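Written below as structure tokens is the structure these notes are about.
The values are calculated or read from the model by the stated rules, or taken from the named source; none is laboratory data. Everything numeric here is computed off the predicted structure, so don't read it as measured data. Glycine also receives a Cβ, built like all others from the backbone with ideal geometry; neighbour counts cover every protein chain displayed.
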């Protein structure tokens, strides 16, 4: 029996396997252009049974971090999510300027900010899926 949700990295993409109401399994992969998780059942068997160098199991915290690192890298926009990403950028810039490694406190802050942005994205997509107007706009660096 597969525990769901189960989290993975599939060829650098965050991927989640979840249960369906009929007892089956479904997979969703992060779309770097939209920031959403798109249904993609093609890889469920691969991530569950064929772990290789490009497929890794993740715990939820690492999954959230990898998802937000990708959204942070590929998406640009206005609004509170992107303000939090700018805070993270400032932490990395300070480290680089001071030629030092990240501190435990800074890593904890970044992880906390990524947990917040993950929830904010999920809430935003739920609102949009319910027919509500977007609360902010964004683009992908890949959508050119």
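Of all residues in the range 1-10, those that are closer than 19 Å to residue 64 by Cβ and part of a loop (DSSP other than H, G, I, E, B) total 3. For the range 106-119, indicate whether the set of residues that are more than 24 Å from residue 7 (Cα to Cα) and either more than 17 Å from the chain's Cα centre (by Cα) or outside the structural domain of residue 5 (by TED's automatic domain parsing) (or both) is non-empty. Looking for residues that are more than 24 Å from residue 7 (Cα to Cα) and either more than 17 Å from the chain's Cα centre (by Cα) or outside the structural domain of residue 5 (by TED's automatic domain parsing) (or both), one finds at least one in the range 106-119, hence yes.
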